[in-house]
Amino acid sequence: MIAVIRIRGRVGVRKEIADTLRMLRLHRKHHCTLWKLNDSVKGMLQKVKDYVTWGEISEEILKKLLEKRGRKIGDKRLGKEEVEKLIEEIKNSPLQPGKILMSHDIKPVFRLSPPSKGFKKSIKQHYPKGELGYRGRTINELLERMI
């Protein structure tokens with residue numbers, strides 16, 4: 001499972017890229033969504049690689065993300081038991097994590113804060129020189145700073 005975070009804003013985005021970001025549910029800067037990697041998601045990520053960063057999320061960071069940033073409809077927080085059940089269901093289900101969250105009346109988008117200690121010097125370059133694109137397991141370090 002991967003976490004996708006939008007890094008760049010909305011100004012000057014071409015229509016086809018804006019549509020793809022909308023399909024990924026990344027409407028604003030610092031929004032995060034969870035996806036299981038398949039061919040269609042890979043294609044969408046390749047199209048928007050200049051606006052987002054993504055990588056494999058660990059179970060520990062997923063738990064923190066759901067506890068601190070997971071919200072039910074009505075902006076209510078999740079309980080610890082709910083988080084544990086959701087993690088098990090997300091791991092064992094073939095469905096996309098966003099669909100599982102929505103079936104439990106949980107918002108599929110996580111609103112994050114800007115990372116503590118900031119981004120690297122160049123946001124617009126691709127990882128490892130900048131912040132954009134695929135970053136593998138190091139997405140967990142960025143997520144930890146943004147939660």
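So the values come out like this:
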item	result
Cβ-based charge dipole, the chain, positive-most Cα from VAL48, LEU34, ILE100	VAL48
With DNA, RNA and ligands ignored, accessible area of GLU88 (1.4 Å probe; Å², nearest 10)	90
Inter-site label distance for ARG77 and SER116 at 7 Å from Cα along Cβ, in nm	1.7
Carbon/sulfur fraction of accessible area - the chain, other protein chains in place, 1.4 Å, %	51
Which listed pairs, of LYS49/LYS117; LYS29/LYS99; LYS49/LYS91; LYS72/LYS124; LYS47/LYS76; LYS68/LYS99, have C-alpha distances above 30 Å, in listed order	LYS72/LYS124; LYS47/LYS76
Nitroxide proxy distance, nm - points 7 Å out along Cα→Cβ at GLU141 and ILE123	2.0
Net dipole in debye of segment 25-115 [+1 Lys, Arg Cβ; -1 Asp, Glu Cβ; about Cα centre; nearest 20]	460
For the chain, the fraction of alpha-carbon pairs in successive 10 Å shells from zero, as %	11, 44, 35, 9, 0
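The values are calculated or read from the model by the stated rules, or taken from the named source; none is laboratory data. Keep in mind that this is a model prediction, so the values were computed, not measured. Don't worry about glycine lacking a Cβ; one is built from the backbone with ideal geometry, like all the others, and counts go over all protein chains shown. The accessibility values were calculated without ligands, DNA or RNA, using every heavy atom of the protein model including side chains. Shrake-Rupley method; radii C 1.70, N 1.55, O 1.52, S 1.80 Å.
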